[in-house]
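Data block below; observations after.
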Amino acid sequence: MKITEVRVIVTCPGRNYVVVKILTDEPGLYGVGDATLNGRELAVAGLLRDHIAPLLIGRDPDQIEDIWQMLFRGAYWRSGPVQMTALAGVDIALWDIKGKRAGLPVYSLLGGKTRDGALAYTHAGGRDAIEVEDNVRKAMERGFRCVRAQVAVPGMEGTYGVGGAKEAASATWASPIRLSRGTVSAVWGDGGPMPPIERWEPSPYLRVVPKLFAHLRSTVGEEVELLHDVHERLTPIQAARLARELEPFHLFFLEDCLRPEHKESFRLIRQHSVTPLAMGELFQSRWDCLPLITEQLIDYIRCDLGHIGGITEARKIAAIAECYHVQTAWHGPGDIGPATHAANVHLDIAIPNFGVQEMVFFPEVVHEVLPGAPNFEEGYLHVADVPGLGVDLNEEAAAKYPYRRAYLPMARRLDGSVIDW
Ligand code: KDG
Ligand code: MG
């Protein structure tokens, strides 16, 4: 069997997705992968089209590990989010082909089911604790047992994870528009959107978050699992303080306290608190994860399968984590495509040390373009028992929604200096 064609399709059914479709010389046999990197979609698409696709034509798609090694080490220039996202797109499509060829779902190729479904969490935000409480209750009514809670910081113009105007450009769905036929329409210097700027300060944030969780525990009770995402904004000592102050509220985990560069600083947080810690959506390979796992400085590793080279890399990370009693919580936001969400769940239900899975409900227009995303039922995610990953691409529908330039927000402190977003 040989790879005959690699199609790279950038489509915007509400937000931009980069889809990799790998075709083979077996009639009708192809794989669908996701190579979406929020705000840098065309860089990944260019790498795939101009440099990676020519290397794949004529290769045996069954040799996933060899192709992975060739693209990672063989290229000499390795790692980095653009490269690792491109690699993930190829990897996910190749696993899809392998499953379809074998007539088996990918979870079966990974060792078979270890559980019936993947415990899922959703997001609840709000302008104040009452609004967050309402949204946590709505999530619980919808069947969620785990909810991530974020609240606006008083006095700040916008806060990550809360929703509203600031997030419209990045985290929530814009309404899809039909511009022209064709799948890529990057317009340079077109006066399009610039990154929205959010204001952020650590002190009010550190005051409001423990109050939020005190409120939630006293109103929604002890049973629902609560999570919180710091989004890499704190210093080690601030993170240690927050983790300690949140202890009475028994979080499922506190996510991404520190910038990904400062792995050794997790020791300081650990010395001061028993709040479970999760980290990893900005990591790029298993080597980034190693020190946190082997020193047991975190409890959950939450890399993004779509940004670390796909299923091939993630299953190795899971296996390393298993040795150190670290569980998985793969990144699952709206800005990665349905094929990565499906890859998440196939891995979740096959590995022994799965913890929890972040998820989104895709709008109907995404299902039209990329049908087959995992299905949520009573707190758990499931994938269809079909060969491969179960996600397809409707190329005609994708062509109706061409690329639209969009950026993630940026954050600055009140004095104007950059802070992590
Ligand atoms: O593109 C950035 C998002 O994927 C990220 O902000 C989402 O932190 C995130 C999460 O935990 O879902
Ligand atoms: Mg996060």
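The values are calculated or read from the model by the stated rules, or taken from the named source; none is laboratory data. Nothing here was measured: the structure is a model prediction, and the numbers come from that model. A quick note on method: Cβ atoms are made from the backbone with ideal geometry, for glycine too, and the neighbour counts reach across all protein chains shown. All accessible areas refer to the heavy atoms of the entire protein, side chains included, with ligands and DNA or RNA removed. Shrake-Rupley method; radii C 1.70, N 1.55, O 1.52, S 1.80 Å.
Computed values, structure above
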{"read-out": "Members of region 13-40 that are part of a loop (DSSP other than H, G, I, E, B) and hydroxyl-bearing (S, T, Y)", "value": "T36"}
{"read-out": "Answer residue from region 292-323, given it is open to solvent by 10 Å² or more (accessible area, probe 1.4 Å), part of a helix (DSSP H, G or I) and not hydroxyl-bearing (S, T, Y) and is farthest from ligand 2 (Cβ to nearest atom) among those", "value": "C323"}
{"read-out": "Number of positions in region 241-256 that are away from ligand 1 (no atom under 16 Å from the Cβ) and not in a loop (DSSP other than H, G, I, E, B)", "value": "8"}
{"read-out": "Members of region 226-240 that are in contact with a Leu (Cβ under 8 Å, 6 or more places away or on another chain) and within 16 Å of ligand 1 (Cβ to nearest atom)", "value": "L226, L227, H228, V230, E232, L234, A239"}
{"read-out": "Residue in region 222-240 that is more than 27 Å from the chain's Cα centre (by Cα), surrounded by fewer than 18 Cβ atoms within 10 Å (Cβ to Cβ), within 30 Å of E141 (Cβ to Cβ) and modelled with pLDDT of 95 or more present", "value": "yes"}
{"read-out": "Some residue of region 11-34 being farther than 19 Å from P333 by Cβ, surrounded by 21 or more Cβ atoms within 10 Å (Cβ to Cβ) and without any contact (Cβ under 8 Å) to a residue 24 or more places away in the chain", "value": "no"}
{"read-out": "Residue list for region 349-375, restricted to those being away from ligand 1 (no atom under 16 Å from the Cβ) and among the aromatic types (F, W, Y)", "value": "F354"}
{"read-out": "Answer residue from region 271-287, given it is away from ligand 1 (no atom under 16 Å from the Cβ) and part of a loop (DSSP other than H, G, I, E, B) and is surrounded by the fewest Cβ atoms within 10 Å (Cβ to Cβ) among those", "value": "V274"}
{"read-out": "Options F249, F253; residue that is more than 30 Å from P13 (Cα to Cα) and crowded, with 24+ Cβ neighbours inside 10 Å", "value": "F253"}
{"read-out": "Residue that is modelled with the lowest pLDDT, among those in region 259-270 that are part of a helix (DSSP H, G or I) and open to solvent by 70 Å² or more (accessible area, probe 1.4 Å)", "value": "E264"}
{"read-out": "Long-range neighbours under 6 Å by Cβ, at least six apart or interchain, first residue open to solvent by less than 60 Å² (accessible area, probe 1.4 Å) within region 193-206, second among the small types (G, A, S) and part of a loop (DSSP other than H, G, I, E, B)", "value": "P196/A169; E198/G158; P204/G155"}
